[in-house]
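Notes follow once the structure below has been shown.
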Ligand SMILES: [Zn+2]
Ligand SMILES: [Zn+2]
């Protein structure tokens, strides 16, 4: 083999770089795009909007697929947690949709982390990067949440919550919110990475070592099901899933639950005690939002145990605080998918540690978004994850 030095070496390197540049695709981007916007509560209207321009540390993503989330339904009906210009998101030309994936088609100034043609999936929150929480790495709890407008613009983004989301042909994303999608992963599966990332962040938040410890997940919605899958992949033992519908519990078994408990047939606290020989578990991930869920979770964990709340009831509920205090039980609330959990969730999914695709039940086209929303809201045909494909 011949060694290469000096000029010749640099010429070769330059050649390789040029090759790289050439292989990145260029895309024709129209001036305007189709976008759904939220009108009055539960009213989605199809309009035409300018295609947004990516700024520094941002890219323009051509949306390929977007999943409907329970939080979308919450936003359509009640507004919060979406916040536009410091208030409710209704009639503000706001485009929802936050669980999506697509193709990078244009780079903002200085971006070399991605190139046009890259397939990416997204996490929601891009923190302002300048508040105390962002500086601590807690960007999903950015203190400048919703501060992205007018004189108050601090650069915070949460697409589909405080900035335009993906019920549109294009969306602007901070590079910090993007995860590369492997070639072999389908568009539909890639939209589920953020759900798995949220479940993983919930397990992170409880701050312990998961492997070898008991975990109960209450509520087999998408985050609960992913809580089972990620908990199992992290080595939790046993993993117990509780819920009311046998069809969902069956999916939980496929995703790694060692035991499932139908709370209509058996008291879940007694079931957990039975399964663990009376000891209880170290961790409960609460994903049901049932009014008595925290009291039950407290009874499922052992002394010093930890409970993460990833769902909530709509009304304030009574809680036996004395029991929590006497038993040194920690309670955590999570918001979003922090600590780059989507990247770790993607690693599990790429390694096929669990099959998230079994949660994907329905597919609709872009113009059918209102029907897709109806299927998700009314759980028609036992819909779990309804995905909208752009083409
Ligand atoms: Zn969501
Ligand atoms: Zn911040």
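What follows is calculated from the coordinates using simple rules that are stated; it is not laboratory data. Only a predicted model underlies this, so the values are computations on that prediction, with no experimental measurement involved.
Worth pointing out:
- Debye-sum result for the chain in log10 I(q)/I(0), which assumes one identical scatterer on each alpha carbon, at q = 0.11, 0.12 Å⁻¹: -0.80, -0.93
- The GNM of the chain, with springs linking C-alpha atoms under 10 angstrom apart, assigns the highest mean-square fluctuation among 218, 276, 162 to 276.
- Isotropic mean projected area of the C-alpha convex hull, the stretch 268-307 (nm²): 2.5 nm²
- Cα gyration tensor category, rounded, prolate or oblate, for the stretch 63-109 with a/c compared to 1.5: oblate
- Here the contact order of the stretch 320-390, divided by its residue count and restricted to Cα pairs under 8 Å and six or more residues apart, works out to 25 percent.
- Across the chain, Cα pairs under 8 Å and at least six residues apart give a relative contact order of 16 percent.
- Helix 341-350 axis, angle to the chain major axis (alpha carbon atoms, nearest 10°): 90 degrees
- Here the Gaussian network model covers the chain, with springs between Cα atoms less than 10 Å apart; of 96, 41, 220, 41 fluctuates the most.
- Computed over the stretch 235-391, Kirkwood Rh from alpha-carbon pairs, angstrom: 17.7 Å
- By definition, a body whose alpha carbon gyration tensor gives a ≥ b ≥ c is rounded when a/c is under 1.5, and the stretch 213-296 falls into this rounded group.
- One quarter of the convex hull surface built on the alpha carbon atoms of the stretch 15-171 amounts to 10.0 nm², the projected area averaged over directions.
- In the stretch 107-253, Rg over Rh equals 1.02, where Rg is the alpha-carbon radius of gyration and Rh the Kirkwood radius from pairwise Cα distances.
- Taking 85, 123, 113 in turn, the Gaussian network model of the chain (Cα-Cα springs below 10 Å) assigns the largest fluctuation to 113.
- Estimated 222 nm signal from helices in the chain, with DSSP H stretches of n ≥ 4 weighted -39500 (n - 2.57), rounded to 500: -8000 deg cm²/dmol
- Of the beta bridges in the chain, as assigned by DSSP with both residues counted there, near 55 percent are antiparallel.
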